[in-house]
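Every number in this text was worked out from the coordinates using simple rules, so none of it is lab data. Computed from a prediction, not measured in an experiment: that's the story for all the values here. Cβ sites come from the backbone with ideal geometry, for glycine too, and all protein chains shown count toward neighbours.
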Amino acid sequence: MLDTHESVELAVVVPTFNERDNVEVLLARLDQALADVRWEVIFVDDDSPDETARLLHTLSARHPRVRCLRRIGRRGLSGACVEGMLATGAPVMAVIDADLQHDETLLPRMLQVMRAEPIDLVIGTRYAHGGSVGEWQASRLRMSQLATRLARGLLGTSLSDPMSGFFMIRREAFEASVYRLSGIGFKILVDLVASSPRPLRIRELPFRFAERHAGSSKLDSRVAWEFLMLLADKLVGRWLPVRLLSFGLVGTLGVGVHLLVLSTLLSLPGMAFVAAQASAVLLAMISNFALNNALTYRDQRLTGWRQLSGLLKFMATCGVGALANVGVAAYLNRDGTGWLLSALAGILVGTVWNYGVTSHLVWSAGRRR
């Protein structure tokens, strides 16, 4: 039993989304692994449809070590980890997944390193000698190795596993980085190391990555996109909002969709240009909305019938943006500016308008969810 008058030395932060069948098993394992440690566990649940938070609140009523933060209208592992670490006063904090793929028996050794040495960060690594990725498919291993190389290039480090989601950090090191964090995607460790104002003193300890206990993996193509957006944010985020960058990239793809549809329709016998152009504009707008909903605003994405109302608002907003694009370009061109610079200025104004207005008008519903 935890003595409520005794200070907690270690806080274990566990982000959850649809992990109802895993949390009790993880809690039992933490109880066993940390029997000689003053610890607490903070589950940060992103309003799981399977009512993970309801179960955690029940557990917390009879287990004094358990706390649950339920986030409404917010999504993302990195943001959940940050909020969990901000919610504790423990001098040392660990992050571990709820799916039991990380080795909780390594936590005491990680803490011992913290106690014995002036180390800021201890990372559980799958790639050092003694570690393993388990039974991964070759495609997933290649993707992880590519992401690891990209992260090493960004960090300028020789870390074997900067993509690990299993680590322990001192409060001082976390608080020194917290105002610079991007909070994007799943890779909070990369964000923390890249955001630190000084080089962190790091130790890596090997562990074997296990199979998921229950539930389904959250990994998909959008996770890869978020990782690329995180890297982009650390590289250019001080000058350019990463969502605007993503919005612009999606818009560029939309131009490709527009031209492809237009050329295809014009190749059909009897197809009028006006009809082909209108169809191309419509399909490009639908494509842009779908990609932005899935990628740019993944954490605020619209579902169900909200997608239809969001699409209509998006199309109306982009129609105004198109008028602004043409108006600015025409004005500059009449004033003697060359056609290319006039066109680029129009595109810039239209993109900024579309991004700013759709962010508040279209995807604000996703923030309230």
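Each residue, R70 and S7, gets one label point 7 Å from its Cα in the Cβ direction; the gap between the two is 3.3 nm. The label point for L150 and the one for M271, both projected 7 Å from the Cα toward the Cβ, are 3.4 nm apart. With respect to the chain, whose longest principal axis is taken over its alpha-carbon atoms, helix 221-236 is tilted by about 90°.
With a/c under 1.5 counting as rounded, go ahead and sort the stretch 1-79 into rounded, prolate or oblate using the C-alpha gyration tensor (a ≥ b ≥ c being the square roots of the eigenvalues; past the cut-off, prolate if a/b is larger than b/c, else oblate). Here the stretch 1-79 falls in the prolate category. Estimated from the Cβ-Cβ distance and a Förster radius of 41 angstrom, the FRET efficiency linking V320 and A61 is about 0.20. The packing ranking, built from the mean of other Cβ atoms within 10 Å per residue, places the peptides 303-309, 54-60 in the order 54-60, 303-309, highest first. Considering only Cα atoms, the convex hull volume of the chain works out to 170 Å³ per residue.
Extension gain, R109 to R201, is 31.5 nm, computed as 0.36 nm per intervening residue step minus the present C-alpha separation.
A helix-only calculation puts the chain at -17500 deg cm²/dmol for mean residue ellipticity at 222 nm, using -39500 (n - 2.57) for each DSSP H run of at least four residues, averaged over all residues. Relative to the dominant Cα principal axis of the chain, helix 107-116 is inclined by about 80°.
Residue ranges 313-325, 193-205 sort as 313-325, 193-205 when ordered by packing (mean number of other C-beta atoms within 10 Å per residue, highest first). Working from label points 7 Å from Cα in the Cα-to-Cβ sense, the T303 to Y179 distance is 3.6 nm.
What separates the Cα centres of the stretch 74-118 and the stretch 4-40 is a distance of 10 Å. For the chain, a Gaussian network of Cα nodes joined below 10 Å ranks L253, L189, L311 by mean-square fluctuation, and the top entry is L253. The simple Förster model, with R0 at 35 Å and r as the Cβ-Cβ distance, assigns A28 and A294 a FRET efficiency of 0.40.
Legend: calculated FRET efficiency, E211 to E117, from the Cβ-Cβ distance at R0 = 25 Å, rounded to 0.05, equals 0.15. In this Cβ point-charge picture (+1 for Lys and Arg, -1 for Asp and Glu), the chain has a dipole of about 880 debye about its Cα centre. The stretch 153-178 and the stretch 52-68 have Cα centres lying 29 Å from one another.
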